[in-house]
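Input: a single structure, listed below in structure tokens.
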Amino acid sequence: MLKAFADLSTPLVADACVRTDVPLRVAPPGIGVVVPGHRIAGRALPVRHYGSVDVFLEAFGQAAEGDVLVIDNGGRSDEACVGDLAVLEAEAAGLAGLVVWGLHRDTPELAEIGLPVFSYGSYPPGPVRLDEREPEALVTARFGPHVVSDADIVFGDADGVLFVAADRAEEVLTTAHAIWRTEREQARRIRAGETLRRQTNFDEYLARRADDPSLTFRRHLRRIGGAIEE
């Protein structure tokens, strides 16, 4: 999956979701990669955190090579729920990375380990609580407004993280590649002196919109094959 994502980005995958009518499920703003340049793509391995690392260790026992641990820590800002030992153990279990709806710690050690980790940021204290475990602890993870399961694929890069249903991932990636090719060609033509306004027949769009106020730029682009807005 990471190989299929290699030439793409989360913005392209997001645009492809819109183009293919796949629900757009994006991690909340602020979720970012700990080490710049790190990327992830893989099946979600969901887990809910209740204050103890034991739930992570249990999840690792059912992990497959290349899975991405998706941690539901409720978006808390009062504790870090993963550090170097949990990340080292994730690496030993063959995971491709971790995505945390919350905070991490041990930032220098995580950078040295090199396994991609996404979170809201770093915070020194770990948990001092121990909450009651839910039956769905290893079945689904909440991530902002979304519920993630092992039927989802996780994509992450410098722009953020999003989740795509596994049974639609191939379609989305194929569409994302088509958008990428169109955008790269548009970028080449801009550098060669052909403005984006000319490429998108913008004057024609304005004239047609004057006759039909319901016409949107997106509809116009789809008609001519452009790709600046999804």
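Quick look at the numbers
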| read-out | value |
| --- | --- |
| Given (1) more than 17 Å from residue 130 (Cα to Cα); (2) under 21 Å from the mean Cα position of the chain (by Cα); (3) among the polar types (S, T, N, Q), number of the condition residue 73 does not satisfy | (1) |
| Among the residues listed as 64, 80, 165, the single one being over 25 Å from residue 1 (Cβ atoms) and of a type in the set (A, V, I, L, M) | 80 |
| Criterion violated by residue 66 - all others in (1) under 17 Å from residue 28 (Cα atoms); (2) surrounded by 14 or more Cβ atoms within 10 Å (Cβ to Cβ) satisfied | (1) |
| Flag for residue 193 being modelled with pLDDT under 90 and either at positive phi or out of contact with any Pro (no Cβ under 8 Å at 6 or more places or on another chain) (or both) | no |
| Qualifying residue in segment 78-93 (condition: surrounded by fewer than 17 Cβ atoms within 10 Å (Cβ to Cβ), modelled with pLDDT of 95 or more, β-branched (Val, Ile, Thr) and not in a helix (DSSP H, G or I)) | no |
| Those residues of segment 18-44 which are touching a helix residue (DSSP H, G or I) at 6+ places or on another chain (Cβ under 6 Å) and among the hydrophobic types (A, V, I, L, M, F, W, C), in sequence order | 22, 24, 34, 35 |
| Every residue from segment 1-31 that is crowded, with 19+ Cβ neighbours inside 10 Å, closer than 18 Å to residue 148 by Cβ and of a type outside the set (A, V, I, L, M) | 5, 10, 17, 25 |
| Segment 20-43: number of residues that are closer than 15 Å to residue 165 by Cβ and over 11 Å from the mean Cα position of the chain (by Cα) | 5 |
| Among the residues listed as 200, 175, 140, the single one being modelled with pLDDT of 95 or more and over 30 Å from residue 103 (Cβ atoms) | 175 |
| Failed item, numbered, when residue 166 is tested on (1) closer than 17 Å to residue 53 by Cα; (2) out of contact with any His (no Cβ under 8 Å at 6 or more places or on another chain) | (1) |
| Top-ranked residue of segment 27-53 - restricted to ones that are of a type in the set (A, V, I, L, M) and in a strand (DSSP E or B), ranked as nearest to residue 122 (Cα to Cα) | 33 |
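The values are calculated or read from the model by the stated rules, or taken from the named source; none is laboratory data. Keep in mind that what you see is a predicted model, and the values were worked out from it rather than measured. Positions of Cβ are generated from backbone atoms using ideal geometry, with glycine treated the same way; all protein chains shown enter the neighbour counts.
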